[in-house]
1. Could you work out how far the C-alpha centroid of the range B:568-643 sits from that of the range C:61-113, in angstrom?
2. Please label the shape of the range C:1-99 as rounded, prolate or oblate, based on the square roots a ≥ b ≥ c of the eigenvalues of the alpha-carbon gyration tensor (a/c under 1.5 means rounded; beyond that, a/b larger than b/c means prolate, else oblate).
3. Using 7 Å Cα-to-Cβ label points, what is the B:Glu644/B:Thr172 separation (nm, one decimal)?
4. Give me the net charge for the shell around B:Phe703: Cβ to Cβ below 14 angstrom, other residues only, Lys and Arg +1, Asp and Glu -1.
5. Other chains near A:47-57: what is the mean number of their Cβ atoms within 10 Å of each residue's Cβ?
6. Counting only helical runs of four or more DSSP H residues, what would the 222 nm mean residue ellipticity of chain A come to if each run contributes -39,500 (n - 2.57) and the total is spread over all its residues?
7. Spelling out what I want: for every residue of the range B:456-466, take phi, set θ = phi - 60°, compute 6.51 cos²θ - 1.76 cosθ + 1.60 (Karplus), and round to whole Hz; glycine and proline get x.
8. What residues of the range A:4-26 lie in the reach of a label at A:Asn80, counting those whose backbone N is under 13 Å from a point 7 Å from the Cα along Cα→Cβ?
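Please treat every number below as a calculation from the coordinates, not as lab data. What you are looking at is a predicted structure, and each value in this text was computed from that prediction instead of being measured. Note: ideal-geometry Cβ built from the backbone for every residue, glycine included; neighbour counts use all protein chains shown.
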Amino acid sequence: MGSMDNTAKRLLQRLVRRIPSQMLKTTLDKWSRLTAAQRQSMDYTESKWALTEKLLAICEENELTVKHIAELEMIHVIENPNLGMWYVFQLMDPQDDAHSVELTQFKEQFKSHLSELIRHVSIKIKKHTDEAVWIRIAWGDTFSRPNHLKPTYVVHYLQTPYVFLTSPTSKQKPLLSQALVLSTRYQAIKDANLSGRKLTAIRDLLMKQYLQVFPTKFPSPLAERNCVVSNLHIEKEQAGSAANRHQMACEAFGDGILPQLQSAVYKLETKFRDHTNKTMTERDEPFKCVVKFASTNLLESLRHSASSGVASTPVTPLLSSVPLKGKNYFVITDNGPGPSSQMKPSQK
Amino acid sequence: MAATQNLSDSDQSSVSDQSVSSRSGNRSIRVAEKERRKNEAEDPFVLSLKYFSDVEAGTPFHGNDKLEKNLVQVEKVAYSQGLPPEAVSIMLEFAMSLRMGTSACVRVLKCLIPASVVPQEAVVRAVVWLSIGKMPISTQVLFIKWVLTVFDMIDAKDQLRAIYGFIFNFVTDENLCPFICHLLYLLTRKESVRVFRVRKLLELQSKLGRQPFLLHLLSLYKVFCPELVTLSIPSRMKSGFKNHISPWKSALIAVQKRNGLQGAFSNSLVFTHKDKTNPRKRKHCHLEFPDLIPALNKEARSEQSSSRRVVPLVQLHSFAQLLENMHRIELPAQMGSLLGSSLALQYLDCVQDESALLRLNFWLGYAFHEEFLFCGDGGPSQTSEEALQFLNKLLSAQHFLQEGFSSSEVFLYKFLNVWDGSLLRPQILGLLSNIPVVPSSQIRRLLFEPLMQLFFTSSLFFKCGLMECLNNMLLKWLTWHSIYALEDDLDISLNSHTSINMTLSGFKDSVMELIHFVGRLASVGLQLEGCHCLLLSFVLDFYETVCDTFLKYGLPLIVMPPAGVFYPALFATDPVSVDRLAYIMHRYKVNLTSAKSQEKVTEQVFHISRQTFREFNHYVVVMVNCLWNSRMFHPGMGVQLGEELLLKSNVSQYGSSFDLVHHPAFMSYAVNFHQKCWPGKKDMDLNSIKHSKPWSWYLEYLFTQGYDGLKHFVQSNISWQLKEDDGQGDAQQR
Amino acid sequence: MSLLKPFSKLPGLNTANILLVESEEQFQQSLADALVEETSVTVNVRLAKSLPLPMENDESRPRIDLVVFIINLTSELSFQSAEASLKYLDPGYFLGKVCFMVTNARNASSPAERLDAVRKLASSLHCPLLFAEDQTPDGVASATERLLTILKVAAGLVPIATALYVSNLTRCTLPLDIDLPSFD
């Protein structure tokens, strides 16, 4: 047996399978663990199966270990931040020196804090070009070595209160939270109730990186432009209300291209209100149900349904809260603050 | 080396050269043979196969390095070039016998990528293993999915069909049922449909609900034996059979691609189109006609076909071969492929194989339904080119067979109700003109109502197109009648394949309905389009067919055009329309006279109503009075205006304003004639043409311009002698 | 609420005015763009999401010769909106000056029941029901052509043809339950 143990082999196999053929070459080039000759010898037209065999042989030859393979994985994940599910956490109550935390300090602190909390852990930290710090954590526990097949990725933009995570388990979350809070010089961290498949999208949403529209009393230049373009013989009877709806939809959700969210979930725990159905209305305990909106681009869908009149305008705070509060998971209760977010049911 | 030795002995060189080359040739063959044998013996793949055929039951799976090595070897071959038929047999046998347990079985099934064909025997054996029942259900499902995926690569289906009942037994298993239904669907023939099977399926349906896979199988049963399945099948049915190819898809495509590159070895390549890898899609969804694909590869075929005694259609290349093998033809798995081959169409035509037509109609019905009436998302635009080719090919097949398919008829009745009048218009109208005679009791709601709504809301070009289509439809109906009508019996079978029997009077009713319907469309259409001459021309085309129904097609039925068609044609501004009207009236006369004389001679029951004669006479009087006698507004004519009103119009000689001289269509000829006749005359007096001599010259002149219709009309309706002063004859009426 | 009336205003010379009502406001725009291309008559197009029309446009609005309700069969809302709008039309319009245009009739996701309901609605009002392929340029061109055919009659631009006369020929009929076999 060479340097490649079973885990390393499986990790590599899985990775090759996951990376699309046309991206395999660039990813491997970035990895810089293969010699130029080795890279030359790869024939990317071959099947994934053959490529994996070949790579395994090369890795053996170069005596690469699971850590090196993990590097390759990290390269792939950083290059493709829009795969997999990302969850957002928000840091709270910054200490005075929170704004002066810089990368090396953060790196050191995070590593030492986390290793203190758990013995078997493998941490890799990389700074990406856009100021993001990427952390890959392979977890073990007291008795087992870090499991590189189920790593957690953490992305943090220094000096912002947001942390993006993939697949944290309930066991690891407290450990991770503690390490994060300590190394960023904050005092607490909470679930921000936002998740999505595209890291860039949820980041843009939180950091308001999209065209926002603010209420104005003056007619928008957009409407005037439309009048000029349209034909003399075509007249929109309800142009005014349409423009109005569009304006309100844009105020609620923003203009132009919006961050791609995939879903919004509303967990309702409210009293059942329907005067035709007495038995349900008279029940004391709240009626529980979950409403989920799903779309390839939820915000654009919502904006479109508001501007086309499918959803009523002004937009109900239930919907406009998604971009406004940067959340896509809501719990709605009748009274008292809910466990994660409380909101009055809107008048329909 | 041999060559250099021989150089020393020059005079023998040529001889020895030869011998050497032949000797070395022999040697190389021997060497190659030996090499091959040696290779074969040492080929790790062959060794691995040997391992799998010999390995004993109960050998452990986990931690068995030998097995691992051999399995990897087989997988490598399978994923790179596919498994040859023998290897498929061995591996399938190994897997299904569960000699090394389920995990080995699953792993083997997943790598069973055939390179060319799958031997039928192997599948049959595997099905037998299935019933031993030691296998977990998920593995059983995996196996059936595999069979469905490679179904068209199985080299023959006869033995599989022989165990139809055996396979049918598996439907009772809830988990297997969807897949077994799909397999049965592919294997079903008319003789497989039995009462007890129908009952079983219905029983299952009441247990499982109206599952699409059951419905699909039942609807196929219904196609074969409508008397056994009374269940009504919903017309809008989601496609029932899912695509099971996923575990093998990428590997199959890869193997297929690679084999495609190595041309020499790929003569048995089955997967030629990428959508062919999906059985369900190919069956119902894709309009691309599959090529006739031989189920067997070449070598396998020669030895097997003699024993099985069936000949796939694709092997036949000439009509003579078709005749020789007529009794043992194996229809392709995909009936749609029949449409693309003229030999197959010939087969369909002369064999009158009911089950072939049934299957073809079933396939077509699905294709129509899924592509045109029940489109998935993604827009209709994506398939339009494909749809166009599909319909064109279908049209040419129908043209070849000279009749429409019943599924296309049913489709049209539905499609007309949602048609925008423009989508694939030429093709749809082409299909429409091919439909067989519709009983007069249904013709209204099935055809006339949707067509009328389309006609009056559509453009001139649609109107013309529909006119042409209805003319073709009438022509086909009349042709069928003239071919199939039996002299002594009034019963005529209208369609050689379907058993629509219609009495002569029923047929006459339908034809009459059609002619009256077109008359209505034409009258109002001409009015709405301002008597557009293009539309008028199509309308006159139709009446050219109608006026000759008796003489040309032997149908004792004569229907006159309505006034809404007659007058626009008579007063048309182009001479061609007037001439064609004259020709049509001439043919009416010939038909009517011949019908009358035949009535007298044979005393046949058929009878043309007085009303028809009256209408005809009326029209002739109007035409003669108008064109010839200059008695345009005489009392008793079709067009009547008050005397005062006519005087008020300040048109002098209003009576003659539509005679052959003053008719707007012929005025230019009159002027031309006038100039030629009296070249010196300064002031033109067209009335001078009406004198006896010039009138006859003028008529000659018109006839030489190609107005044969007028010529016939004048000759058959007007007895006309030259008189000295007034040269006009009188209408001769019957 | 004010009713839209067919004869409350004088017609313009060689002019035809059409009102396209569509709750989704998608297809109407492309139809409008194609309709105004007509050269033989001046076509004015008014677009609305639903009826009633806003009062403030009453003055500027010409006499509407034809009202077209566009219904997307995949959407129940589209149908309901058209149905609700009908009551803001003067009964005079139903003498040949209203038609329905349906899109997505061949789509798998439009239930057969909805098509039946539209058919029932159109036939009960004696209006023509047109089907359109809104996805393709050819389909839009054809739909435009057909609307123009009806519009010209409704605006009185075709000699000796009246809207009532033609609508009598083109109005939707309710097919008696066609018990066609599914595909055999």
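1. If we compute the Cα centre of each part, the gap is 47 Å.
2. Numbers: a/c = 1.83, a/b = 1.20, b/c = 1.52.
Because a/c hits 1.5 or more and a/b fails to exceed b/c, the range C:1-99 counts as oblate.
3. 9.7
4. Values: positive: B:Lys711; negative: B:Asp579, B:Glu700, B:Asp708.
Neighbourhood net charge equals -2.
5. Numbers: counts 7, 3, 6, 3, 0, 0, 2, 0, 0, 0, 0.
So the per-residue partner count for this stretch is 2.
6. Details: 13 runs with 138 residues, N = 348.
Taking each H run of at least 4 residues, the total per residue is -12000 deg cm²/dmol.
7. Coupling constants for the range B:456-466: 7, 9, 10, 6, 4, 5, 5, 4, 5, x, 5 Hz.
8. Of the residues in the range A:4-26, A:14-26 have backbone N under 13 Å from the label point off A:Asn80.
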